[in-house]
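Below is one structure, written out as structure tokens; comments come after it.
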Amino acid sequence: MATEKDAERRARQGSAELPADCHPDIRAIVTYWRAIHPDTGLPGRQHFDPLDIPKLLPRIRILDVGGDPPRFKTRLLGTKIAEGTGFDYTGRYLDEVYPEFASSAAAHGLSAVLRTGELHWRRGNPALVRGKELMTIERVYLPFARDGRKIDMILTCLLFGDCSGKMY
């Protein structure tokens with residue numbers, strides 16, 4: 001039976017649940033993100049140690065969040081993501097890399113994270129990446145807030161699926 005304290009912790013740690021069939025790497029990064037939560041507020045970059053998740057690093061992207069309206073600048077881009085998209089866009093804003101970004105499922109998901117402070121999971125057709133015979137993506141957005149409240153970064157774990165159903 002869930003207690004009031006459990007409910008508070010879930011609210012603090014992103015209450016969105018993952019589907020049972022999500023990729024194990026998605027589940028692993030969410031488990032890690034929940035584990036690094038401070039007692040109050042959201043975790044920040046200062047709580048995140050890449051050495052804790054070496055196997056996941058090729059699938060990780062960290063976005064800086066800034067401006068009004070918010071823009072998302074790629075601080076770190078894992079090698080599997082660069083391979084899946086066909087190029088390395090580290091240091092660039094998503095709306096510069098992808099002209100259709102503002103109306104994409106990616107933009108809506110990132111906006112949801114900023115609005116709710118909760119994780120946002122998605123599996124489906126790629127919102128931005130085209131070609132390379134990609135049939136699906138699976139990703140999760142996880143908020144970081146240096147001060148525990150104002151989201152200033154978003155951690156992403158992103159996998160690509162090809163026409164054979166293989167995720168990479």
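Rule-based calculations on the coordinates, nothing more; no lab input. The structure presented is a predicted model; accordingly, all values stated were derived computationally and were not measured. Neighbour counts are summed over all protein chains in view; Cβ atoms, including those assigned to glycine, are modelled from backbone coordinates with ideal geometry.
The separation of region 59-120 from region 16-31, counted between C-alpha centres, amounts to 20 Å.
In terms of the Cα gyration tensor, with a ≥ b ≥ c the square roots of its eigenvalues, is region 16-60 rounded because a/c is under 1.5, prolate because a/b exceeds b/c, or oblate?
In terms of gyration-tensor shape, oblate.
Remark: the Cα gyration tensor places the chain in the prolate category, a/c being 1.5 or greater and a/b exceeding b/c.
With +1 on each Lys and Arg Cβ and -1 on each Asp and Glu Cβ, and nothing else charged, work out how big the dipole of region 84-168 is about its Cα centre, in Debye to the nearest 20. Mind showing how you got there, number by number?
Values: 11 positive and 10 negative charges, 41 e Å.
Roughly 200 debye for region 84-168.
Placing a pseudo-label 7 Å from each Cα along the Cα-to-Cβ vector at Cys22 and Leu128 gives an inter-label distance of 2.0 nm.
Modelled spin labels at Ser111 and Phe87, positioned 7 Å past Cα toward Cβ, are 2.5 nm from each other.
Between Ser164 and Ala102, what length comes free when the chain is fully extended (0.36 nm per residue of separation minus the Cα-Cα distance, one decimal in nm)?
On the way: separation 62, 0.36 × 62 = 22.32 nm, distance 3.01 nm.
Here the segment from Ser164 to Ala102 would lengthen by 19.3 nm.
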